[in-house]
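What follows draws every value from the coordinates through simple rules; no lab data is involved. These numbers were taken from a predicted model, which means no experiment stands behind them. Cβ atoms come from the backbone with ideal geometry, glycine included; neighbour counts cover every protein chain shown.
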C-alpha cells in the first residue's frame with residue numbers, strides 16, 4: 001500500500017481523502033492556497049504546504065508548485081480529487097514521469113475520454129448506445145446547421161473538450177443554433193483552449209443516470225450500480241441518489257453491462273463514471289460522457305455497496321486487490337446526496353461570505369462531508385460547494401423522511417446557501433414520487 005499521499009485539492013474532497021488515508025495509516029499531505037489557510041483540511045493533514053495565491057491557476061492548477069510540494073515532503077503518490085487537475089492527462093503523465101504514483105486512470109484513458117466526439121466514437125465502436133450526433137467537430141456554422149438539419153431539432157450544442165455540464169446550449173431551430181454555436185465555441189476556446197463543437201440530438205424530457213465503474217489492478221472492470229442525477233440547475237447536479245427510482249432490473253442490467261464495455265474499451269483503471277441520458281418512456285439510454293475521476297456524488301455508491309471508494313482507488317493504484325469480491329457484489333438500501341452550496345436558493349447565484357453559524361445535522365443515516373466550519377470565509381475564487389449532506393436508509397421513503405429532518409436541522413448563517421431549496425424539493429410531489437426528470441428545477445422556479 002502507498003505510504004504517503006499528497007492530496008492535490010481542497011475543501012470537502014481533500015478532507016474526505018485525508019480521512020481515508022489516515023485510517024489506512026498513510027501519511028496525508030495537503031497543499032493549500034493563501035485563501036484556504038484556515039480551512040479544516042489544512043489542519044487535519046499530517047503535513048501541509050502553501051503553494052500559491054488564491055487564483056487557482058497559480059495554486060491548485062499550478063503543476064510545478066504541486067510537484068515541488070510532493071518532492072519536498074517525500075510524497076509517494078498524488079490523489080487529484082475532482083476538478084482542478086483531476087482530468088488533466090498531461091499532469092497525470094508528468095506525475096508518473098516524476099516517479100510518483102498517480103491515483104487515477106492512466107493518461108491515455110483520460111485523453112481518450114476527454115474529447116466528447118472521440119469518446120462518442122469509441123463508445124459506438126464498443127457497442128455502447130450513443131445519441132444521434134456528429135462524428136467530427138462542426139468546423140463552422142454552416143457545418144453545424146447542416147448537421148442539425150440531418151439530426152433533427154432540437155439539438156444540443158456542446159464543447160467537445162468540456163465536461164461537468166460546462167459549455168452546452170440547446171437550439172430549438174436554426175436561428176437559435178446560430179446564436180448558440182457562436183456562444184459555445186467562444187466559451188470553449190476561453191475555458192478549454194479548444195473551440196471544437198459537437199452537435200447532438202437534444203431530448204427535452206430525459207433523466208440523467210450514471211454508472212460508477214472501477215478498473216481493478218488485475219485488468220477487470222466492474223460496475224458498482226447506478227446513480228440518479230436528474231435534479232440539476234444549469235446542467236449542474238444538485239441531488240444524486242442510488243439506486244435510481246426509474247431504473248428497472250432489466251434496464252439496470254443493460255446499463256451496467258454498457259458501462260463495463262465503456263471501461264474495457266479504454267483499458268480503464270481506477271474509479272470512473274459513465275454518464276448516460278435515459279428516456280423513461282422508451283427505456284432507451286445514450287452515452288453522454290465519461291468522467292475519468294472520482295465523482296462528487298461517490299458517497300451514495302459507498303453506502304449502497306458498503307465500500308470506501310477512496311480506499312479502493314488507493315488499492316488499485318498500489319496494485320492491490322479490492323476489499324470486496326468482484327463476483328459477489330450485493331447492493332442494498334438507498335442513499336441520497338444533496339449539494340449544499342453557497343448560492344441563492346432561488347436564482348442559484350454565488351453568495352460568498354464569513355460563516356457566522358454552522359450547525360450540521362446528525363443522527364441515524366446522516367453523514368455530512370463538509371469543507372468548512374464556523375468562522376471560515378467562503379471566498380469567490382472556487383466552486384460554491386460548502387458540504388454534501390448524505391442520507392441513507394433501508395428504503396427511499398425512509399431516506400426522504402430522514403432528509404427532510406436533516407435539512408431542517410442544518411443551520412448556516414453568513415453566506416447565502418441553498419438549504420431552503422432542498423426543504424422545498426423534499427415536499428415536491430414530483431420528486432417524492434420518483435418520476436422527475438432533468439427539468440424539475442425549472443418547473444419549480
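Observations on the structure shown:
- Distance between the pseudo-spin-label points of residue 3 and residue 444 (7 Å out from Cα toward the beta carbon): 4.9 nm.
- Additional length obtainable on full extension of the chain from residue 191 to residue 267, 0.36 nm per residue less Cα span: 24.5 nm
- Here, region 12-166 has an Rg and a Dmax of 19.8, 58 Å when only alpha carbons are counted.
- Ranked list, fewest to most other Cβ atoms within 10 Å of each Cβ, for 368, 31, 399: 368, 399, 31
- Computed label-point distance, nm, for sites residue 377 and residue 182 using a 7 Å Cα→Cβ extension: 4.0
- Neighbour counting of Cβ atoms within 10 Å sorts the residues 113, 444, fewest neighbours leading, into 444, 113.
- Over region 4-103, the alpha carbon radius of gyration divided by the compact-protein estimate 2.2 N^0.38 Å works out to 0.94.
- When 90, 210 are arranged by Cβ crowding within 10 Å, least crowded first, meaning fewest neighbours, the order is 90, 210.
- The share of C-alpha pairs in region 101-191 whose separation exceeds 23 Å stands at 27 percent.
- Distance from the C-alpha centroid of region 22-64 to that of region 266-327: 26 Å, rounded to the whole angstrom.
- Across q = 0.08, 0.11, 0.12 Å⁻¹, region 207-444 modelled as identical point scatterers on its alpha-carbon atoms has Debye log10 I(q)/I(0) values of -0.30, -0.58, -0.69, in the order of the q list.
- Here is how the number arises for the chain: DSSP H runs of 4 or more residues each give -39500 (n - 2.57), the sum is divided by the residue count, and the result at 222 nm is -10000 deg cm²/dmol.
- With each label modelled as a point 7 angstrom along the Cα→C-beta vector, the residue 279-residue 344 pair spans 3.7 nm.
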